[in-house]
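Student: Sharing a structure with you now.
The values are calculated or read from the model by the stated rules, or taken from the named source; none is laboratory data. Predicted, not measured: the structure shown is a model, and the values here were computed from it. Neighbour counts are summed over all protein chains in view; Cβ atoms, including those assigned to glycine, are modelled from backbone coordinates with ideal geometry. Just the protein is used for accessible areas: all its heavy atoms, side chains included, with ligands, DNA and RNA removed. Shrake-Rupley method; radii C 1.70, N 1.55, O 1.52, S 1.80 Å.
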Amino acid sequence: MILDNNPQDIAWEITSGRKSSMQQSSATILRTSPYYDPDVYQQASDTYIVCLPEGRYTFTMIDLGQDGMCCSYGEGRYTLSYKETGELIARGDEFGSVDSTTFKIPYVSPNYVDYDNDGVEDRTGNVIPTIPLTNDGEPSCSNEFGLHLVTDDYGVETTWELRERSSTDDNYRNGKIVASGGPYTSDFTYDINYCVDPGRYTFVFYDWQCDGLEGLKVNGHYTLKVNGMEVYTGGTNMTGYEELVDLDFVNTLVGYEEPESSGLDRYKKKVSSGGSITSRQSLVVGVIAGLVMVAAIR
């Protein structure tokens, strides 16, 4: 979790069964935290691992200030995840005095749902893209975006977005989010693949601590893939909140029943720190008839 400016108001508990101790005074509290020392935890992050046997439990985040962990008094948040599979059980930031989630161990993640049709998956808070369709209505994965992510010991700090990129507007913030991910389990490896439409995109990697995937005990990294080809590895030398990588997918959409077309996938890296571009390079990566070509443009 990432604490806000008032960590002295924040605590959490895990109880057995479907009720928190605030809902039922007789609830069995299995694990609880103290309220956090502001001299140590103000706008700081921390990670806890709790071992639980098979059963049903309720996790509750408590805020005495009744304003949650975001956003009037700092930008805090928490995640609850299942260490064995890395699955996100719950996340929260804006809530009142309590935020509770009941779950079972072993945890099996439910299907993605978007009940309010806002394009954001309800449980994870992320954008999950749909599979592109050809003109004939056939599903196509001619353009596959891949992310190999190894988190450090503060996975709650890590998030990312894949945004559409305009040919006339270089500000990535104006691009539509077509996919996103995080926060994540600490010290875990993820392999994420999405099929996307042909087009220009910007991958935005965020690290709340602004130090990249460099933890206290565990270091991580991420690798981007275009149609299975590794094109960039990053997150290891960050000095700002975000790192940008531009990706162009140009393969024509063809259905699963047809052979994939040859195509040229281009990407260029832009590293930003505090909003200013500190370095930039462009590479061309293509796959034509099985031949891999890499050329640097300076």
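Student: For the range 98-129, how many residues are farther than 25 Å from residue 196 by Cβ and assigned to a loop (DSSP other than H, G, I, E, B)?
Tutor: Number of matching residues: 3.
Student: Right, another one. Quick one: which strands (runs of 3 or more DSSP E) lie wholly within the range 183-244 and hold at least 2 residues that are open to solvent by 30 Å² or more (accessible area, probe 1.4 Å) and out of contact with any Asp or Glu (no Cβ under 8 Å at 6 or more places or on another chain)?
Tutor: Fully inside the range 183-244 and qualifying: 189-195, 229-234.
Student: Can you name every residue in the range 166-208 that is more than 25 Å from residue 92 (Cβ to Cβ), in contact with a Ser or Thr (Cβ under 8 Å, 6 or more places away or on another chain) and aromatic (Phe, Trp, Tyr)?
Tutor: 172
Student: Next question. Any residue at all in the range 162-171 that's buried (at least 18 other Cβ atoms within 10 Å of the Cβ) and in a strand (DSSP E or B)?
Tutor: Yes; the residues of the range 162-171 include at least one that is buried (at least 18 other Cβ atoms within 10 Å of the Cβ) and in a strand (DSSP E or B).
Student: I would also like to ask the following. Filter the range 65-86 down to residues that are assigned to a strand (DSSP E or B) and either surrounded by fewer than 16 Cβ atoms within 10 Å (Cβ to Cβ) or in contact with a Gly (Cβ under 6 Å, 6 or more places away or on another chain) (or both), then give me how many there are.
Tutor: 3
Student: Which of the residues belonging to the range 26-64 are open to solvent by less than 40 Å² (accessible area, probe 1.4 Å), modelled with pLDDT under 95 and not hydroxyl-bearing (Ser, Thr, Tyr)?
Tutor: 44, 46
Student: Please go through the range 122-152 and pick out each residue that is of a type in the set (Asp, Glu), open to solvent by 10 Å² or more (accessible area, probe 1.4 Å) and under 24 Å from residue 202 (Cβ atoms).
Tutor: Of everything in the range 122-152, just one residue is of a type in the set (Asp, Glu), open to solvent by 10 Å² or more (accessible area, probe 1.4 Å) and under 24 Å from residue 202 (Cβ atoms), namely 144.
Student: What pairs come out if I take residues in the range 29-50 that are under 11 Å from residue 1 (Cα atoms) and pair them with residues that are among the acidic types (Asp, Glu) and open to solvent by less than 90 Å² (accessible area, probe 1.4 Å) whose C-beta lies under 9 Å away, six or more apart or interchain?
Tutor: Listed by first residue and then by second, the contacts come to 43/4; 45/157; 47/153; 47/187.
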